[in-house]
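Read the structure below first, then the notes.
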Amino acid sequence: DKINNSAYLVKNYEYENTQHKNSDFELITDAIVNRNVLSFVYKGTQRTANPYKLINKHGIWYLLADECGTLKNFGFSKILNPQVNNASFAPNQEFLETIKKNELGWLSQNSIEVTLKIEHEATQYFLRRKLLPNQQIIEQTSEYLLLSTKASYEEEILGTVQYWIPHISIVSPPHLQEKLNGILQEYLKTHDR
C-alpha cells in the first residue's frame with residue numbers, strides 16, 4: 001500500500017532495455033521450455049546451441065546454452081536472428097546439476113579457486129553478506145579477512161577486486177595479482193597527467 005511503500009527506497013541496477021527484442025526473448029524462452037535446439041548469429045558467427053536458461057546479471061540478460069558440449073554465456077542483446085530448429089535435445093544431467101548448484105557469477109564448467117585478503121576497513125561488507133560467489137572465510141583477524149571464492153573467468157574476479165581497491169589483494173593464484181598489477185600500471189601510465 002502507498003503508506004507503507006513510502007517507507008522504502010530500493011536502489012537497483014538499471015536494466016538493459018530489451019523491449020525492441022521482446023519477440024526474440026519469447027522465442028528463446030519457448031525454445032528453453034520445449035527443449036528445442038536454437039540457431040542464431042552471435043558476433044558475426046552462425047551458432048547452434050541447446051538453450052538452458054536466460055539469466056539476468058547486473059541488469060543485463062544472457063543466454064546460457066550448451067554449444068558443442070560446453071556451457072557458454074551469450075549476451076542476449078548480441079544474439080541476432082534466433083530461430084528454433086525442429087530438432088529437440090535431451091538436457092545434459094551434469095549441466096542441469098551445475099546450473100542448479102552453481103553460485104558462480106557466470107556459469108562455466110571450469111572455475112578458478114581464488115584466495116583474497118580483505119583489509120580491516122572493508123571486512124564488514126564481506127561479513128554482512130556474500131559479495132563473492134561461493135565465498136568462504138578462511139581466517140579472520142582484527143586486521144584482515146582471508147576469503148576463498150570461485151570465479152568462472154579471470155576477468156570476473158579482477159573486476160570485483162578492482163572495485164574494492166585499495167582494501168583487497170589477491171593471495172592466490174599469484175599470477176592473478178600480477179595481472180592486476182599490470183592492469184593498474186597500464187591505467188596509471190595512460191591516465192597520469
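The values are calculated or read from the model by the stated rules, or taken from the named source; none is laboratory data. Just so it is clear, the model here is predicted, and its values are computed rather than measured. As a convention, Cβ positions derive from the backbone with ideal geometry for all residues, glycine included, and neighbour counts pool all protein chains shown. These accessible areas exclude ligands, DNA and RNA; they are computed on the full protein's heavy atoms, side chains included. Shrake-Rupley method; radii C 1.70, N 1.55, O 1.52, S 1.80 Å.
Couple of notes before you dig in:
- Filtered by the rule that a residue be within 18 Å of His20 (Cα to Cα) and open to solvent by 10 Å² or more (accessible area, probe 1.4 Å), the stretch 62-74 gives a lone residue, Tyr62.
- Of the residues screened, Ile183 is one that is more than 30 Å from Asp66 (Cβ to Cβ), under 21 Å from the mean Cα position of the chain (by Cα) and either at pLDDT below 90 or of a type in the set (Val, Ile, Thr) (or both).
- Residue in the stretch 125-146 that is more than 25 Å from Leu64 (Cα to Cα), in contact with a helix residue (DSSP H, G or I) (Cβ under 7 Å, 6 or more places away or on another chain) and charged (D, E, K, R) present: yes
- Residue count, the stretch 75-103 (criterion: farther than 26 Å from Val41 by Cβ and either among the hydrophobic types (A, V, I, L, M, F, W, C) or open to solvent by 60 Å² or more (accessible area, probe 1.4 Å) (or both)): 7
- Residue count for the stretch 23-50, restricted to those that are part of a helix (DSSP H, G or I) and hydrophobic (A, V, I, L, M, F, W, C): 6.
- Members of the stretch 163-193 that are closer than 18 Å to Lys150 by Cβ and free of Cβ contacts under 8 Å to residues at least 24 places away in the same chain: Tyr163, Pro174, His175, Gln177, Leu180
- Residues of the stretch 72-99 classified as charged (D, E, K, R) and either part of a strand (DSSP E or B) or touching a helix residue (DSSP H, G or I) at 6+ places or on another chain (Cβ under 9 Å) (or both), total: 1
- Some residue of the stretch 53-61 being free of Cβ contacts under 8 Å to residues at least 12 places away in the same chain, of a type outside the set (Gly, Ala, Ser) and out of contact with any Cys (no Cβ under 7 Å at 6 or more places or on another chain): no
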